[in-house]
Structures are given as C-alpha cells and as structure tokens.
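Undergrad: Sharing a structure with you now.
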Amino acid sequence: MTVTIVGSQLGDEGKGGVVDLYGDAADVVARYQGGDNAGHTVVHDGEKYKLSLVPSGAVRGKVGVLGNGCVVNPETLFDEIDTLRDRGLEPDVRVAERAHVILPYHRALDGIEEEEKDDLAAGTTKRGIGPTYEDKAGRRGVRIGDLLDPDALRERLEYVVPQKKALAEEVFEKETGEEFDIEHLYETYREYGKRLEEEGMTVDCGDFLQERIDAGDNVMLEGAQGTSLDIDHGVYPYVTSSNPSSGGASVGTGLGPTVVGQGDVIGIVKAYLSRVGTGPLPTELGGVEDQTPDYDASEGAGEDEEELATRIRDEGGEYGTVTGRPRRVGWLDMPMLRHATRANGFTGLAINHIDVLAGLDEVKVGHSYEFDGEEIFTMPPTTEAWGRCEATFKSFDGWPEVDWAEVAAEGYEAIPENARTYLEYISDELETPIYAVGVGPGREETVIVENPYE
Ligand code: GDP
Ligand code: IMO
Ligand code: MG
C-alpha cells in the first residue's frame, strides 16, 4: 500500500514532519521529484535534522529511495549520508539508476541564468535543478546508471560539456573553470559511481518498490516543493522544474497511477502562506523586498501589515531551510488550495502551523479573488492573470495560545474552538477530510485524526 504526501502550496508546508509521523508505519519512503532544492526539517529525539536530498524517513531507519523523477547531486547525497552516520544513524538510501545527475556545470548555469533573467528570475535555490531537468528533456543528461559505466559516462560528457562551456563563455560571457572540464568531471563522477556501486545503492526504482509492495510492505511517496511550484500546475515561470503534484508520484517512481491511486493522497497545508522566491502573491502581507523585483507587495502595505508579517515570520521560523532567506508570508489562499485539491485529488489534509497564528485577534483567509470585476474561486492559468487577482478576504476570530503539546495528546476536540472553526472551513471548502493538524514543530505536536495506513 502507498500513501502519497504532497505540498499543496508553495513548499515548506511541513511535509517532512508529516512524512516522519505517518512514516512510522511505512517500511520504505521514496521521493519522486526534485533534488537538493528541497529542505525538510525533522525533529527526532529532541535532535533537529535538516535534510535536502535524503528522504526524511532515513532518520528513522526506513529505506529511503530517490526515485527516477529526482535529480541527484551525489556530493550532497554523500555529505548528508556521512553527516547522519556521524550522528550515529545508519541511513539506508537507494537511488534510481534512471534518476538524472546534477553536475557542477548545472549549478553554475543556474546562477548565471538567474542573474540574466532579472524580473523573470524565479529566485531559485541555485542548486542546478532547472538546468538538469532541461538536459533530461533535451536528451543530453547524465543518469545515475551512467556513473556506473565508464564508457557511457565519458561518451555523455564528451557530447554535452563543450556545449555547456560554449553557452557559459560565448553566450553569457563568463569565465569557466573545472566545472566545465571533461577530465575533471569524469574522474570525480566515476568516483561517485564507484561508491554508489560499492555501497549497493542503485536500484531500478519501479521494480524495487513494486516488489516491496507485493511483499506486503507499506510505501510512502514523498513529494518535495508544492503544487503552486509545479512546472505544469504552478505559477509558471516562478516554479521549480518538476512535478510535485501527485501525478509525479507515479511517473517519478515507476509505480502505475492505479497503484498510487489505491492509497491516500494527503495534501499538506500550511495554515497561512509562505514563499521563498519571486512571483505574485495575492494574499501577501508586507514583503521581503529583495525577492520580489516585479511584484513588490510591500508597496501599499501598511505598517500594521508589516508588523503582522514579521510576527508570523518570526513565530513560524519562516526562513528558508536551504538558503536561509526570509520567506514572504501571507494569509491562506483558498483559490490556490481549491486548484491544488483538484490537481492532486487529495483524499485527506494535514493542516500545519495553527499554533503560529495563536494570539492574533483576527485571522484572515483569501476566500476568492476579484478578477477583472468578477468573483472567481480558483487560480487562473496564467501568472499574469494571477498577478491581477485581488483577494476577497473572510475573517475569523483568533484563538488563544495554549499548551499545544497537551492539545496534541488530548486530540482534536482539545483544539481551541475558534481554530476548529477555521480548520473546518478549510475542510468544507475543499470537501476533503482532515487527517492531521500540526500544532508545533515537534513530532508529538501533531493531532492525528486519521492514520492512512490503518
Ligand atoms: P517541508 O519543506 O514541507 O518539509 O517543510 P520545512 O521543514 O522546510 O518547513 C517547515 C518548518 O515548520 C520546519 O521548521 C518544521 O519543523 C516546522 N513545522 C512543521 N509543522 C509545524 C507546525 O504545525 N507548527 C510549527 N510551529 N512549526 C511546524
Ligand atoms: P521544500 O521541499 C520552498 C522555489 C525556489 C524558487 C523556485 C525554483 O522544502 O518544500 P529551484 O531551485 O527549484 O529551481 O527554484 O522554487 N523552491 C522552494 N520553495 N520550498 C522548497 O522545497 C523549494 N524548492 C524550490 O525558491 O522560487
Ligand atoms: Mg522545506
């Protein structure tokens, strides 16, 4: 049986924590897209683990798989594995031979293009994600399987590296170094290939997972990023280059959609909105100016809004896990969530961070948009149109700060009444039941309503 975890907004909804919690009943946790642009925080035995690439389940002794839909930077992979080992864990990580490899020139080009794009820049994590997926689609990528085969690796590098070098030097007029040097790349990446082989880490992902499922194991499929960052369903071009939405769980692992569809698909919702990187944000509160060249929401934001934004940002620790950038924050955006619910076919919701909003007099929600004089309830398909949408807000009475660990221990009914009203509004609007409510960053600070493996 599978359970799929999907971000419903703009990433950092607290997917890692939910994977960690529900993952208890899983034997295998597989990521199906993205790379080391993701950043998951998992708290285990009072220790905080920050992971970018290794699936969150690895902290708790599960088999972690990086599916064929992922892009893998072997340097990050081994750094994370070594760090976990230094901290006394024994992570068991497998990597799909069909997954694509992030090479140093991808990272270099990510940085160069972001600079060049100016207002169109997505504010990427500069991990080389976009350029690697570009090469995958362009049929000039290097796959994990190629690192195991010296001839294949050399042949691929000899074809692609001169093109990348010419692009950097002649189109973008940059100086290049060893990240564009075939011999250096060959030597370094063959070494990674040998280590992957020695440690028995590579798999045919679909086969591996299907065999485990057939043997009765529980598999968790872990999405990174979020639906509004999806290359097809997100706010293009301010998106990542893969499919975080649930369709990606099938394509990115090699399990059939009918297999994935037999299990739950759980949408992870942050009770407000946060965003690293650029693009419009109709429910934004205040702004973090340097990240919003085109859509500076701080323009016109009153001092109260700025104060509120700062309060939520600080209470929620809204600073990027990967880059440390302060995240932009806003009220919950229901049109975004209606869009995500349809695109993913959510069967349940985990709504996190309701503790962060505690103590406010009023909690607002963008219920619908006013778009060219009309009221609309879901996101328009172009980002330019989305930028013209103005949120129509609904207001909820705030809820008090309480002992959230106690609430989590007691269960759903112990959640302050006004917060329950808020949660039930979300669930009703999305016609999707609540499976869990996050009331704090700790593992025990989650109210479990439904366990998808039971
Ligand atoms: P992911 O990228 O979706 O896995 O999420 P991140 O780990 O990047 O960001 C979520 C942050 O919020 C982490 O620091 C979590 O520890 C924290 N977090 C998760 N759920 C909750 C919650 O319900 N309340 C609070 N206060 N923090 C939470
Ligand atoms: P997790 O898994 C939040 C954003 C970047 C940028 C855009 C493209 O922790 O939720 P990329 O480097 O992927 O080419 O950047 O996507 N982004 C994320 N935002 N959480 C993430 O991952 C993100 N991964 C990428 O900020 O706007
Ligand atoms: Mg994150």
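Here is a yes/no grid of residues against (1) touching a helix residue (DSSP H, G or I) at 6+ places or on another chain (Cβ under 6 Å); (2) closer than 25 Å to Pro237 by Cβ:
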residue: Arg87; (1), (2): no, no
residue: Pro104; (1), (2): yes, yes
residue: Glu115; (1), (2): no, yes
residue: Lys136; (1), (2): no, yes
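Undergrad: Can I ask one more? Of the residues Thr258, Thr253, which is touching a Gly at 6+ places or on another chain (Cβ under 9 Å), among the polar types (S, T, N, Q) and either assigned to a loop (DSSP other than H, G, I, E, B) or free of Cβ contacts under 8 Å to residues at least 40 places away in the same chain (or both)?
TA: The unique qualifying residue is Thr253.
Undergrad: Give the residues of region 369-418 that are small (Gly, Ala, Ser), under 23 Å from Glu284 (Cβ atoms) and open to solvent by less than 50 Å² (accessible area, probe 1.4 Å), sorted by residue number.
TA: Ala385, Gly387, Ala391, Gly398
Undergrad: Collect the residues in region 347-356 that are surrounded by 22 or more Cβ atoms within 10 Å (Cβ to Cβ) and not charged (D, E, K, R), keeping them in residue-number order.
TA: Correct list: Leu349, Ala350, Ile351, Asn352, His353, Ile354, Val356.
Yes/no matrix, rows are residues, columns are (1) among the aromatic types (Phe, Trp, Tyr); (2) in the same structural domain as Leu273 (by the TED database); (3) farther than 30 Å from Pro237 by Cα; (4) assigned to a loop (DSSP other than H, G, I, E, B):
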| site | (1), (2), (3), (4) |
| --- | --- |
| Ala385 | no, yes, no, no |
| Ala391 | no, yes, no, no |
| Pro400 | no, yes, yes, yes |
| Ala409 | no, yes, yes, no |
| Tyr425 | yes, yes, yes, no |
| Pro441 | no, yes, yes, yes |
| Tyr453 | yes, no, yes, yes |
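Undergrad: Only one of these is farther than 30 Å from Thr446 by Cα and away from ligand 2 (no atom under 16 Å from the Cβ): Ile231, Ile182. Name it.
TA: Within the list Ile231, Ile182, the selection yields Ile182.
Undergrad: Further question on the same structure: Could you check, for region 96-115, whether at least one of its residues is in contact (Cβ under 8 Å) with a residue 60 or more places away in the chain and basic (Lys, Arg)?
TA: yes
Undergrad: Please state which one of Val54, Val43 is open to solvent by 10 Å² or more (accessible area, probe 1.4 Å), among the aliphatic types (A, V, I, L, M) and either within 15 Å of the chain's Cα centre (by Cα) or within 15 Å of ligand 1 (Cβ to nearest atom) (or both).
TA: One residue alone meets the criteria, Val43.
Undergrad: Using the structure shown, decide if Val19 is within 16 Å of ligand 3 (Cβ to nearest atom) and either over 16 Å from Leu349 (Cα atoms) or in a strand (DSSP E or B) (or both).
TA: Details: within 16 Å of ligand 3 (Cβ to nearest atom): yes; either over 16 Å from Leu349 (Cα atoms) or in a strand (DSSP E or B) (or both): no.
When the stated conditions are applied, Val19 does not pass them.
Undergrad: Let me ask something additional. In region 126-144, which residues are over 12 Å from His106 (Cβ atoms), open to solvent by 20 Å² or more (accessible area, probe 1.4 Å) and in contact (Cβ under 8 Å) with a residue 12 or more places away in the chain?
TA: If the condition is that a residue be over 12 Å from His106 (Cβ atoms), open to solvent by 20 Å² or more (accessible area, probe 1.4 Å) and in contact (Cβ under 8 Å) with a residue 12 or more places away in the chain, then Arg143 is the only one that fits.
Undergrad: A follow-up question, please. Which is within 14 Å of ligand 3 (Cβ to nearest atom), at pLDDT below 95 and open to solvent by 10 Å² or more (accessible area, probe 1.4 Å), of Asp12, Asp24?
TA: On inspection, the qualifying residue turns out to be Asp12.
Undergrad: Can you spot a residue in region 326-346 that is modelled with pLDDT under 95, open to solvent by 40 Å² or more (accessible area, probe 1.4 Å) and not β-branched (Val, Ile, Thr)?
TA: Checked region 326-346: at least one residue is modelled with pLDDT under 95, open to solvent by 40 Å² or more (accessible area, probe 1.4 Å) and not β-branched (Val, Ile, Thr).
Undergrad: Okay, moving on. Mind checking whether some residue in region 181-192 is surrounded by 17 or more Cβ atoms within 10 Å (Cβ to Cβ) and within 30 Å of Leu255 (Cβ to Cβ)?
TA: Yes, region 181-192 contains a residue that is surrounded by 17 or more Cβ atoms within 10 Å (Cβ to Cβ) and within 30 Å of Leu255 (Cβ to Cβ).
Undergrad: What are the pairs with Cβ atoms under 6 angstrom where one residue, in region 319-336, is free of Cβ contacts under 8 Å to residues at least 24 places away in the same chain and the other, located anywhere, is open to solvent by less than 50 Å² (accessible area, probe 1.4 Å) and within 14 Å of ligand 2 (Cβ to nearest atom)? Sequence gap at least six, or different chains.
TA: What qualifies is Tyr319/Pro326.
Undergrad: If you don't mind, there's one more thing I want to ask. For Val42, indicate whether it is more than 21 Å from Val239 (Cβ to Cβ), away from ligand 3 (no atom under 12 Å from the Cβ) and not hydroxyl-bearing (Ser, Thr, Tyr).
TA: no
Residue by residue, here is whether (1) crowded, with 21+ Cβ neighbours inside 10 Å; (2) over 24 Å from Thr132 (Cβ atoms); (3) within 16 Å of ligand 3 (Cβ to nearest atom) holds:
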| site | (1), (2), (3) |
| --- | --- |
| Thr176 | no, no, no |
| Lys194 | no, no, no |
| Gly206 | no, no, no |
| Asp217 | no, yes, no |
| Ser228 | yes, no, yes |
| Val239 | yes, no, yes |
| Ser245 | yes, no, no |
| Ile266 | yes, yes, no |
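Undergrad: Could I ask something else about it? Between Gly7, Gly88, which is within 16 Å of ligand 2 (Cβ to nearest atom), assigned by the TED database to the domain that holds Gly256 and either at pLDDT below 95 or within 18 Å of the chain's Cα centre (by Cα) (or both)?
TA: Only one candidate passes the filter, namely Gly7.
Undergrad: Now a separate question. Output the number of residues of region 101-125 satisfying the condition of being in contact with an Asp or Glu (Cβ under 7 Å, 6 or more places away or on another chain) and either away from ligand 1 (no atom under 16 Å from the Cβ) or open to solvent by 50 Å² or more (accessible area, probe 1.4 Å) (or both). Walk me through how you get there before you give the answer.
TA: As a first pass, look at region 101-125 and keep what is in contact with an Asp or Glu (Cβ under 7 Å, 6 or more places away or on another chain): 104-105, 108, 119, 121, 124.
If we keep only those that are either away from ligand 1 (no atom under 16 Å from the Cβ) or open to solvent by 50 Å² or more (accessible area, probe 1.4 Å) (or both) as well, we get 104-105, 108, 119, 121.
Going through region 101-125 one residue at a time, the tally reaches 5.
Undergrad: With Gly261, Gly254 as the choices, which residue is in contact with a Cys (Cβ under 9 Å, 6 or more places away or on another chain) and open to solvent by 20 Å² or more (accessible area, probe 1.4 Å)?
TA: Just a single option satisfies the conditions, and that option is Gly254.
The values are calculated or read from the model by the stated rules, or taken from the named source; none is laboratory data. Keep in mind that what you see is a predicted model, and the values were worked out from it rather than measured. Positions of Cβ are backbone-derived with ideal geometry, glycine not excepted, and every protein chain shown enters the neighbour counts. Remember, those area values only see protein heavy atoms, side chains included, never the ligands or the DNA or RNA. Shrake-Rupley method; radii C 1.70, N 1.55, O 1.52, S 1.80 Å.
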